[in-house]
Amino acid sequence: FYPAVVEAGLSEIPMIVLTADRPEELRGVGAPQTIDQVELYGRHVRWFHDPGVPDAHGAATWRQLAATSFAHANDGPVQLNLPFREPLVGQAQTLPEPLTSLVEAPGATSTDRVPDGLDCERGVILVGGRHGVEIEQILELHDRTSWPIIADPTSGLRHLTTVTAVDALLRDEVFATEHRPDVIVRIGRPSASKVLAQWTAQPELTLVQVGGPGTIDPAHNVTARCAMGDLLRTIPGRERDAAWGDSWRRADQRAEAAIVAWLASAPLTEPGVARTLAENLPAGADLTVSSSMPVRDLEWYGGRGARAPCNRGANGIDGVVSTALGRALNRIGGSAPGFVLIGDLAFVHDSNALVALRRRDVDLRIVVVDNDGGGIFSFLPQSELLGHDRFEQLFGTPLGADVLALAAAHDIPTATATSTVELAAQIARPGPWVCRVSSDRAANVDVHRQLNDAATR
């Protein structure tokens, strides 16, 4: 459970992990199948408790233990370490009526005074994942300020955004300089774009952080942290000059048109896979996207339809298929399918999620971008500073794995897509299935360069 616990801790996701353990007398004496499970997850959990081996005399405390665990798990994971003695069987008893009210999650509170100077023309609203803010409040802030909204796919609010091609726009130095804001309101997590993060880290601007999870200040330049309600009370609604927002909107429309035209004229690429998925998802379908390049391609080139949860707490590639499977199992009874956009490295890392997938009543459709390794490292300086063999050994990490054979070993139908038309047709087919799209890591770097150059022009 370790990767899930780490992610839940960083994302403030309620979780109670029950770890079965050996009794006290079998700990530390070399008993088989015994490890030290006391505070196994360290500071990643909000609370740890080991109540000891259960017996009838302590039964009156069990319900309170459950309620206490539930309370501690409001904003993150809890570990209950539960030791048992043999025989490991028992007779279930009648449970009492469920509690109708356990605890309520704590509400958002201001940690800083809302700074002055927010009533200005040049501002930007960034919306990221795990923001916990009502859509109506975000729209109210936009209505009061006329500031552009830049929402990434993990926010679930991409349809509200004013700007979708922000990464490409800010790569142009002239645009980035001319559109430097006085105020940025960042709601939830930062996006995956390093370019946007560097632009946001300018020390002279006012950066207000709304919502979490936890402390969000990677550049150590947050001016204030506050609740959305407090922020709205400080910004009056008034007539504003539309030139600032219109300038962003016009630039984004032109950059988006260039990106769409380039993708339409090219063979199927990694950015094209993200765009095709975003544009062809069935109504109500749920898309889970992997970290590294898939989430970036969806953010940079997915357009307004790009919306997908992603494990961005630790930004790891562990458990991506499991996350999507869990979301799909949560929707059993509904007709909407679940989709996964993932690279081959993350897919193989979580191949255990494929076990008995055909026996589950889920329609899970997995698109694997297969570039034989970790594609994101080809964009980093080490790809040029190291020789090819050394880079491949340490960063490219090619697996040489046949992802379709891996899926077939679990009796999961497979397919290959080599064009946008083929991928769109595959997306419409009922699952479960695994579809492979082949890619080359070096060529993918050039694809991104050409796309960004087209947007800049």
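Number of residues in the range 162-212 that are farther than 23 Å from Arg275 by Cα and among the acidic types (Asp, Glu): the value is 4. Among the criteria (1) open to solvent by less than 20 Å² (accessible area, probe 1.4 Å); (2) on the phi > 0 side of the Ramachandran plot, the one Val183 does not fulfil is (2). Glu239 meets the conditions (1) farther than 30 Å from Leu141 by Cα; (2) assigned to a loop (DSSP other than H, G, I, E, B) in every case but one. The failed one is (1).
Taken over the range 38-89, the criterion of being of a type outside the set (A, V, I, L, M) and closer than 17 Å to Arg27 by Cα is satisfied by Glu39, His49, Asp50, Pro51, Gly52, Pro54, Asn81, Pro83, Phe84, Arg85, Glu86.
When Leu196, Leu169, Leu157, Leu231 are checked against the criterion of being under 25 Å from Glu12 (Cβ atoms) and at pLDDT 95 or above, a single residue qualifies: Leu196. For the range 1-30, a residue qualifies if it is more than 26 Å from Gly214 (Cβ to Cβ) and surrounded by 12 or more Cβ atoms within 10 Å (Cβ to Cβ), and the qualifying residues are Asp21, Arg22, Pro23, Glu24, Leu26, Arg27.
I'd like to know if the range 358-374 contains one or more residues that are touching a Leu at 6+ places or on another chain (Cβ under 8 Å), open to solvent by less than 20 Å² (accessible area, probe 1.4 Å), closer than 26 Å to Ala285 by Cβ and modelled with pLDDT under 95. Looking for residues that are touching a Leu at 6+ places or on another chain (Cβ under 8 Å), open to solvent by less than 20 Å² (accessible area, probe 1.4 Å), closer than 26 Å to Ala285 by Cβ and modelled with pLDDT under 95, one finds at least one in the range 358-374, hence yes. Checked against (1) modelled with pLDDT of 90 or more; (2) touching a Phe, Trp or Tyr at 6+ places or on another chain (Cβ under 6 Å); (3) not charged (D, E, K, R), Leu102 meets all criteria but (1).
Taking residues in the range 300-318 that are in contact (Cβ under 8 Å) with a residue 40 or more places away in the chain, and partners anywhere that are of a type in the set (Ser, Thr, Tyr) and open to solvent by 20 Å² or more (accessible area, probe 1.4 Å), the pairs with Cβ atoms closer than 7 Å and at least 6 places apart or on different chains are Ala308/Thr154; Pro309/Thr154; Cys310/Thr154; Asn311/Thr323; Arg312/Thr154. Counting the residues of the range 416-447 that are open to solvent by less than 20 Å² (accessible area, probe 1.4 Å) and either assigned to a strand (DSSP E or B) or more than 22 Å from Asn280 (Cβ to Cβ) (or both) gives 4. Just one of the listed residues (Arg441, Arg429, Arg457, Arg449) is of a type outside the set (S, T, N, Q) and touching an Asp or Glu at 6+ places or on another chain (Cβ under 8 Å), namely Arg441.
The values are calculated or read from the model by the stated rules, or taken from the named source; none is laboratory data. Keep in mind that this is a model prediction, so the values were computed, not measured. Here the Cβ is made from the backbone with ideal geometry for all residues, glycine too, and neighbour counts use every protein chain on show. What goes into the accessible areas is simple: the full protein's heavy atoms, side chains included, and nothing from ligands, DNA or RNA. Shrake-Rupley method; radii C 1.70, N 1.55, O 1.52, S 1.80 Å.
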